[in-house]
């Protein structure tokens, strides 16, 4: 068992190698630390008896077990969606560990990169890369997709934005179909 202080109390990490005897001895030695808030991290194969012993010792010391969870190194924080409430100008680069929403246009020469979806409420003329971490289910949505380059996961599509005359479908989506990027008009079922 490993113990370390946190802002609100103590964090106890239980490993699969901990025996009941070793755990009981460690808890006895650190009894004064158990009087406050305790968070317990458990490895994959920790018997319930070990968690119950910790809970009983914490209660004896006058403390409270606030949470039982997997180790922090295993927990992955869910990335937040980045929202840009303006036009992204040429030379601008916006990166998101989650999805990316632009409330405006994306000018030629700008870059959008997201591990999730890329959503543009205006015209998309710059480069967009959705699913940058390999998410092949990611998509790119815009009022009009006029980009010279689109990327989804590892796939790449080149376009000719100068060939677009401004007419055509409104609200388009780009997604991966059989390993190739396909751009089509948006319908409620286009993403699936």
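From helices alone, the chain scores -3500 deg cm²/dmol at 222 nm; the rule is -39500 (n - 2.57) for each run of n ≥ 4 DSSP H residues, then divide by the residue total.
The GNM of the chain, with springs linking C-alpha atoms under 10 angstrom apart, assigns the highest mean-square fluctuation among 114, 35, 128 to 35. Shown here are the Rg and Dmax of the Cα trace of the stretch 2-69, at 10.6, 29 Å.
With Cα atoms as the point set, the stretch 82-185 shows a radius of gyration and Dmax of 12.0, 34 Å. Can you give the angle from 0 to 90° between the axis of helix 20-29 and the longest principal axis of the chain, with both taken from C-alpha atoms, to the nearest 10? Its long axis makes an angle of about 80 degrees.
With each label modelled as a point 7 angstrom along the Cα→C-beta vector, the residue 66-residue 143 pair spans 4.7 nm. Extending 7 Å from the Cα toward the beta-carbon at both residue 177 and residue 30 defines two label points whose distance is 5.7 nm. Take the Cα pairs of the chain, get the Kirkwood Rh, then feed it into Stokes-Einstein at 4 °C and 1.567 mPa s and tell me D in µm²/s. The calculation lands on 65 µm²/s. Taking the number of Cβ atoms within 10 Å of each Cβ as an exposure proxy, the fewest-first ranking of 87, 19 is 19, 87.
No lab work stands behind these numbers, since they all come straight from the coordinates. Note that the structure is predicted; figures quoted are calculated from it, not measured. FYI the Cβ positions are ideal-geometry reconstructions off the backbone, even for glycines, and counts take in every protein chain you see.
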